[in-house]
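In what follows, a single structure is set out as structure tokens and then discussed.
Any read-out appearing in this document is the output of simple, stated calculations on the displayed coordinates, not a laboratory observation. Note that the structure is predicted; figures quoted are calculated from it, not measured. As a convention, Cβ positions derive from the backbone with ideal geometry for all residues, glycine included, and neighbour counts pool all protein chains shown.
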Amino acid sequence: MMLKCFAACLAASMIMVSTAYAEEPDWTASSGFDRVKEPSGLTAGRDRIYVVGDEGHAGILDASTGKRLFKRRLTGENGDIDLEGITISADGSVLFFGLELPPRIVAVPLDTFTSTEKKLVISGDLMQWALPGLKCDEPNRDCMEALVLLPPGHHPYEDVAQAQERSVFLAASTVDGRIHAFAVDISVSGAAVRLTDNPAVLDATGKQLESWMPSTQTNLSDMFYSPANRSLYVLYDSGRKRERAEIVIQTYPASGRAFETVATYATQCRGSEGIAVILKPKTFRCDSSPQPSRFTVVIAYDPSTGQHACKGLKNSENKLRNKGQVISYNTPFPACH
């Protein structure tokens, strides 16, 4: 299946993980989704996969069949934009797009996004919020690479005054690999409040909240948060400095005060740019019995930075050339740790 012309706390101290990997996952591909060009971010919701690309393209795929349902290109008032992250509201009614430079979030109602396949111009008519404090390398066009929206009760910022009555997002830069938390008043455009590494923001004990690195490497390429198993999936690519392509899984315990690293898995392909996790049945709990019989990990690969090394794909699927690919894997590792 081809998708033509588709360009695609929160600890108080830094969290580091060892280089030892968990048990080798099963990276046998269950299915390939529609091809995309330069995919850069994924999210999932309501049996749909949402994908964005480096040149402002965005689309919707059926999570079961991989079939493309919709595509559209987003542009700026002065030309192309670079979409690097995407997340969705809990009720599925709003898409939040992460723009790399300058780093910001743009909210697009789903019905507006799907109203036509014509270009959608990011203008002042759409709600948007600047993200101050992310480390950027403007000459090389590197900055924000990942974006997730955290539901209430799934983060340690509930008692932070600046986060109350606001939505909390996580955003990460590929320059330093650090994850920051931001509080956003989604009722009005403006600048988000950075909750981490900000001396003006203190928790209930009077301590400053710090950003963190889930891995010793910096080439963070995407994040996905699953409320069902309270897990943050952090994807790393191997495209620079001979860093590893891997997934770091962190959980936020219901009684916890920080995300905790529970596992690290090596991936099988270079050019890993997007990740989403689909858990079935939707209502499962990690403390319930039996645990879910299946779940799916979806990864977007962008071959533009080099050849792939996909051990889990058939030869025909491995010849991606200049087309990216969104690929699903059934239960490559445990849903609950």
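Just flag the GluC sites (Glu not before Pro) in segment 121-227 sitting in loop per DSSP whose Cβ has no more than 13 other Cβ atoms within 10 Å. Intermediate results must be reported in sequence, preceding the final value.
Details: sites: GLU145, GLU158, GLU165, GLU210; in loops: GLU158, GLU165, GLU210.
When the GluC sites (Glu not before Pro) of segment 121-227 are filtered for loop state and at most 13 Cβ neighbours within 10 Å, GLU158, GLU165 remain.
Hand me the trypsin sites (Lys or Arg not before Pro) from segment 81-177 located in a DSSP loop with no more than 15 other Cβ atoms within 10 Å, in residue order please.
The qualifying sites are LYS118, LYS119, ARG141.
Within segment 65-104, list the GluC sites (Glu not before Pro) lying in a DSSP loop whose Cβ has at most 11 other Cβ atoms in a 10 Å radius.
In loop regions of segment 65-104 (DSSP not H, G, I, E or B), the sparsely surrounded GluC sites (Glu not before Pro) are GLU77.
For segment 115-129, just list the computed ³J(HN,Hα) in residue order, Karplus coefficients 6.51, -1.76 and 1.60, θ = phi - 60°, integers in Hz, with x standing in for Gly and Pro.
After applying 6.51 cos²θ - 1.76 cosθ + 1.60, I find 6, 7, 8, 5, 4, 10, 8, 6, 10, x, 6, 9, 5, 8, 9 Hz.
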